[in-house]
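Q: Pasting a structure below so you can have a look.
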Amino acid sequence: MELTSSSTVGRRKPIAPSCENCLGLANVDSGDGWLIFKLPPAELAIHPTDGETKHELYFMCDDIEATLHEVTAEGATVSAPVTDQGWGLLAEITLPSGTHLSLYQPRHPVAYNLA
């Protein structure tokens, strides 16, 4: 079996303009205003836990300070400053729509570029 891609579903309004403008994500309209955004290469991290199962979305970047500068220039705000988590540098932004997104600069081996 070979998986060909992944898809994350989100509510369209009002996040779509933020995804396009602040994050620079290209998109296609699949009909009736359903926008599908191209994402950067991805990886799936599954961590053991004794707590509840939860799902989180993080965007990774090579330089978190430069990325924060770019997204704030496009209208996002930094809602949680950069913190060193050991495994990476983590920050949170708020898009003009009010949607919160986590960004991090990994310090661990990454899988998104594996063949």
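The values are calculated or read from the model by the stated rules, or taken from the named source; none is laboratory data. Because the structure is a prediction, the values reported are computed rather than measured. Please note: Cβ atoms are built from the backbone with ideal geometry, for glycine as well, and neighbour counts cover all protein chains shown.
Q: Checking ALA80 against (1) exposed (fewer than 11 other Cβ atoms within 10 Å of the Cβ); (2) of a type outside the set (Phe, Trp, Tyr); (3) at pLDDT 90 or above, which single condition isn't satisfied?
A: Status for ALA80: all satisfied but (1).
Q: Among the residues of segment 39-71, write down those that are within 15 Å of the chain's Cα centre (by Cα) and either within 18 Å of GLY98 (Cα to Cα) or hydroxyl-bearing (Ser, Thr, Tyr) (or both).
A: Result: GLU56, LEU57, TYR58, PHE59, THR67, LEU68, GLU70, VAL71.
Q: Between residues in segment 59-78 that are without any contact (Cβ under 8 Å) to a residue 24 or more places away in the chain and residues that are part of a helix (DSSP H, G or I), which pairs lie under 6 Å by C-beta distance while being six or more apart or on different chains?
A: Matching pairs, first to second residue: VAL78/LEU68.
Q: So for segment 38-53 (the condition being over 24 Å from ALA111 (Cα atoms) and surrounded by 10 or more Cβ atoms within 10 Å (Cβ to Cβ)), does at least one residue qualify?
A: no
Q: Can you tell me which residues in segment 83-99 are at negative phi and at pLDDT below 90?
A: LEU95, PRO96, SER97, THR99
Q: Please determine whether any residue of segment 70-86 is part of a loop (DSSP other than H, G, I, E, B) and out of contact with any Cys (no Cβ under 7 Å at 6 or more places or on another chain).
A: As a first pass, look at segment 70-86 and keep what is part of a loop (DSSP other than H, G, I, E, B): 74-76, 85-86.
Filter again for out of contact with any Cys (no Cβ under 7 Å at 6 or more places or on another chain), leaving 85-86.
For segment 70-86, residues part of a loop (DSSP other than H, G, I, E, B) and out of contact with any Cys (no Cβ under 7 Å at 6 or more places or on another chain): present.
Q: Let me ask another. Please go through segment 6-38 and give me each residue that is assigned to a loop (DSSP other than H, G, I, E, B), at pLDDT below 85 and under 16 Å from the mean Cα position of the chain (by Cα), ordered by number.
A: SER6, SER7, THR8, VAL9, GLY10, ARG11, ARG12, CYS22, LEU23, GLY24, LEU25
Q: Looking at segment 87-115 only, could you name the residues that are of a type in the set (A, V, I, L, M) and assigned to a loop (DSSP other than H, G, I, E, B)? Can you show your working first?
A: Pass one, segment 87-115, residues of a type in the set (A, V, I, L, M): 89-91, 93, 95, 101, 103, 110-111, 114-115.
Residues satisfying the conditions are LEU95, VAL110, ALA111, LEU114, ALA115.
Q: Would you pick out the residues in segment 95-115 that are surrounded by fewer than 17 Cβ atoms within 10 Å (Cβ to Cβ) and closer than 18 Å to ASP63 by Cα?
A: Those that are surrounded by fewer than 17 Cβ atoms within 10 Å (Cβ to Cβ) and closer than 18 Å to ASP63 by Cα: SER102, ARG107, HIS108, PRO109, VAL110, ALA111, TYR112, ASN113.
Q: Then there's this: Regarding GLU65, is this residue more than 16 Å from SER18 (Cα to Cα), modelled with pLDDT of 95 or more and surrounded by 10 or more Cβ atoms within 10 Å (Cβ to Cβ)?
A: For GLU65, the condition - more than 16 Å from SER18 (Cα to Cα), modelled with pLDDT of 95 or more and surrounded by 10 or more Cβ atoms within 10 Å (Cβ to Cβ) - is met.
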